[in-house]
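To start, the structure under review is shown below, and the notes come after it.
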Amino acid sequence: MEAKLVIANGKVLESEIVLDFLPLMLGRSEAADIRINDRWVSRVNCEINLVENRLMVRDLDSRNGTLVNGQHISEAPLKSGDRLTIGTSTFVVSFLGRMPKLSATASTLQQHDSILVQDAGATMLGKRKHPR
């Protein structure tokens, strides 16, 4: 099954991030697979991974937390239609036909140097410079 995050808030240059490879770390630092330049996002905010054939998100002890459907979580399954909020950015989870592969980075971010989300100040999503 193909999983993707569809950007739900703000004006965007790209409307979705395909999660072709997992695990995937989201955060503000260059160590993150998906960088979000937002002061409300921790350096390493959360990780999305495939666990027992289910897409899971795990908060990485972030300062402001990770929310699924408006609820702070430490770890939670992600279902199609769920809303994942990190800092000021909200993404809607969407599943299509095939299962994501393990390890590396999201294919959308391999194709584009950055994705701009404009909401409560500019939020920049960018690919990690050095793959794991």
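The values are calculated or read from the model by the stated rules, or taken from the named source; none is laboratory data. In this text, all values refer to a predicted model and were calculated from it rather than measured experimentally. Note: ideal-geometry Cβ built from the backbone for every residue, glycine included; neighbour counts use all protein chains shown. Protein only, heavy atoms only, side chains kept; ligands, DNA and RNA dropped before computing areas. Shrake-Rupley method; radii C 1.70, N 1.55, O 1.52, S 1.80 Å.
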For this session: Would you list the strands (runs of 3 or more DSSP E) that sit entirely within segment 1-79 and hold 1 or more residues that are touching a Ser or Thr at 6+ places or on another chain (Cβ under 6 Å) and acidic (Asp, Glu)?
Result: 54-59
For this session: Considering (1) open to solvent by 60 Å² or more (accessible area, probe 1.4 Å); (2) under 17 Å from LEU19 (Cα atoms); (3) in contact (Cβ under 8 Å) with a residue 40 or more places away in the chain, say which one LYS79 fails and leave the rest.
Result: (3)
Problem set entry | Enumeration of residues in segment 49-66 that are at positive phi and surrounded by fewer than 18 Cβ atoms within 10 Å (Cβ to Cβ) | GLU52, ASN53, ASP61
